[in-house]
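Visitor: Pasting a structure below so you can have a look.
The values are calculated or read from the model by the stated rules, or taken from the named source; none is laboratory data. The structure presented is a predicted model; accordingly, all values stated were derived computationally and were not measured. What goes into the accessible areas is simple: the full protein's heavy atoms, side chains included, and nothing from ligands, DNA or RNA. Shrake-Rupley method; radii C 1.70, N 1.55, O 1.52, S 1.80 Å.
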Amino acid sequence: MNKRSTPIPGLSFSLKRALGITQTKQKIAKATGIPTSKAGLERKIGSVIVKMLVGKK
């Protein structure tokens with residue numbers, strides 16, 4: 001038997017979204033060009049390293 005946080009299927013609640021943290025992080029990432037997610041940051045660092053090794057700008 002599954003435990004659900006809400007009795008209505010498909011309905012969820014995010015405290016971060018409710019407080020506006022998600023939107024603020026998105027604005028910072030867009031303005032600086034630096035991703036705030038772990039996967040995005042790893043992807044960005046990886047592409048910079050590859051560009052340095054290959055020598056392309």
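Visitor: Contour minus end-to-end for Arg17 and Lys30, with contour as 0.36 nm per residue of separation and end-to-end as the Cα-Cα distance?
Guide: Residue separation times 0.36 nm, minus the Cα-Cα distance, leaves 2.9 nm.
Visitor: Hand me the tally of lysine pairs in the chain: alpha carbons under 19 angstrom apart, and the pair either on different chains or 8 or more positions apart.
Guide: Taking the chain as the scope, the lysine pair count is 12.
Visitor: Right, another one. May I ask you to give the percent of accessible area on the chain that is carbon plus sulfur, with a probe radius of 1.4 Å?
Guide: 62 percent
Visitor: Enter the angle in degrees (range 0 to 90, nearest 10) between the Cα long axis of helix 38-54 and the first principal axis of the Cα atoms of the chain, meaning the one along which they spread out most.
Guide: 10 degrees
Visitor: A follow-up question, please. How much of the pair distance distribution for the chain lies past 18 Å, counting alpha-carbon pairs only, in percent?
Guide: Pairs farther apart than 18 Å: 59 percent.
Visitor: Angle check, please: helix 21-32 long axis (alpha carbons) against the longest principal axis of the chain (alpha carbons), in degrees 0 to 90, nearest 10.
Guide: The angle comes out near 10 degrees.
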